[in-house]
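Colleague: Structure provided below as structure tokens; questions to follow.
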Amino acid sequence: MTKPMTVLKSVGPKLVPFFKTCTIFFVLYSGTPASETSAPWLFCIVKCLPIISLILFVLLNGMNITEYYRYSRRVLIGLIFSCIGDACLVWKKKYFELGIGCFAIAQICYARAFGWKPFNPYAGAVFSALGCVIYSILKPALDGIMVYLVAAYVGVICTMAWRAVARVQFFDDLVTWTKLSGCFGAIAFVISDLTLAVDKFLVPLPYAHPIIMITYYAAQFGIALSVVDSQVDELIAKSKRDQNVMTSSNIAKNETLDKTVKEDSINSNGNCENTLIHRHLDNGVSA
């Protein structure tokens, strides 16, 4: 497990483009949402640059088709779809539904990266209840296909957040800073999208644009940063699976051996009893 300070020295330079592009975006557009800009293409490019920087960061951290990079691959795909979704949301009137679809795919990729073990049904119940409350508040303001799109998106983002939180096991000494980073990113994503939904469908919020973008970039940063040491986590998980398989195999072999020994013992006792019976009968005939 790599220490945070070691990570800061080794991967810090790879994150410089992300912080620079974020700074450029907020200098140029901190108070200007896409709907108010006179140059939407420039806004789109500057908005997407931080996510492109995170895509490069994940690639530079290492990437191949082996199972040890499965986590990184899924986060990478999620970032790519997020970048496409960012571009779609610049032109909300035309491509808002497509943007939601891209972000839904990104959330599914992140949830798959976080995995399903440990399951943690209590966290699942909390996020399920939270999702139901959020959707019940938003539903009166929705119409047409948005009723179903928003319901599906609320479901996938709450699932993603549940899986991120479930990975953090404070009481089993299995908590790592990378898992905390992913958990932070997932929660920040929920806050960002909730702010966007309230501002768009319910009531305009003051400073909604900077709040949405700050929490959004923080979310993607936290999730992207969690790929560090993910190969080690995959290796440890594989070693545990192999050990469990070996243990199960040994138990099965021992059970088979015990069964064989018992059967041999029964057969041996049966043969001894038959021998004694034959001797007794032979003695009786002789008499």
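Colleague: Taking the residues in segment 173-191 that are under 26 Å from Leu149 (Cβ atoms) and surrounded by fewer than 21 Cβ atoms within 10 Å (Cβ to Cβ) as candidates, determine which candidate is farthest from the chain's Cα centre (by Cα).
Modeller: So in segment 173-191, the residues under 26 Å from Leu149 (Cβ atoms) come out as 182, 185-191.
Keeping just the survivors that are surrounded by fewer than 21 Cβ atoms within 10 Å (Cβ to Cβ) gives 187, 191.
Values: Ile187: 12, Ile191: 17 Å.
Looking at residues that are under 26 Å from Leu149 (Cβ atoms) and surrounded by fewer than 21 Cβ atoms within 10 Å (Cβ to Cβ), I get Ile191.
Colleague: In addition: Looking for something of a type in the set (Phe, Trp, Tyr) and more than 19 Å from Leu180 (Cα to Cα) - is there at least one such residue anywhere in segment 108-117?
Modeller: no
Colleague: How many residues, within segment 77-122, are aliphatic (A, V, I, L, M) and in contact (Cβ under 8 Å) with a residue 40 or more places away in the chain?
Modeller: So the answer is 9.
Colleague: For segment 6-56, what are the residues that are within 18 Å of Ala224 (Cα to Cα), open to solvent by less than 50 Å² (accessible area, probe 1.4 Å), of a type outside the set (A, V, I, L, M) and touching a Leu at 6+ places or on another chain (Cβ under 9 Å)?
Modeller: Result: Phe18, Thr21, Cys22, Lys47, Ser53.
Colleague: Here's a follow-up. Can you name every residue in segment 130-171 that is surrounded by 14 or more Cβ atoms within 10 Å (Cβ to Cβ), under 19 Å from Asn120 (Cα atoms) and of a type in the set (Phe, Trp, Tyr)?
Modeller: Of everything in segment 130-171, just one residue is surrounded by 14 or more Cβ atoms within 10 Å (Cβ to Cβ), under 19 Å from Asn120 (Cα atoms) and of a type in the set (Phe, Trp, Tyr), namely Trp162.
Colleague: Would you be able to say whether some residue in segment 121-128 is open to solvent by less than 70 Å² (accessible area, probe 1.4 Å), closer than 26 Å to Asn61 by Cα, within 15 Å of the chain's Cα centre (by Cα) and modelled with pLDDT of 95 or more?
Modeller: no
The values are calculated or read from the model by the stated rules, or taken from the named source; none is laboratory data. Keep in mind that this is a model prediction, so the values were computed, not measured. Cβ coordinates were reconstructed from backbone atoms using ideal geometry, including for glycine residues, and neighbour counts include every protein chain displayed. Please note that ligands, DNA and RNA were not included when accessible areas were found on the heavy atoms of the full protein model with its side chains. Shrake-Rupley method; radii C 1.70, N 1.55, O 1.52, S 1.80 Å.
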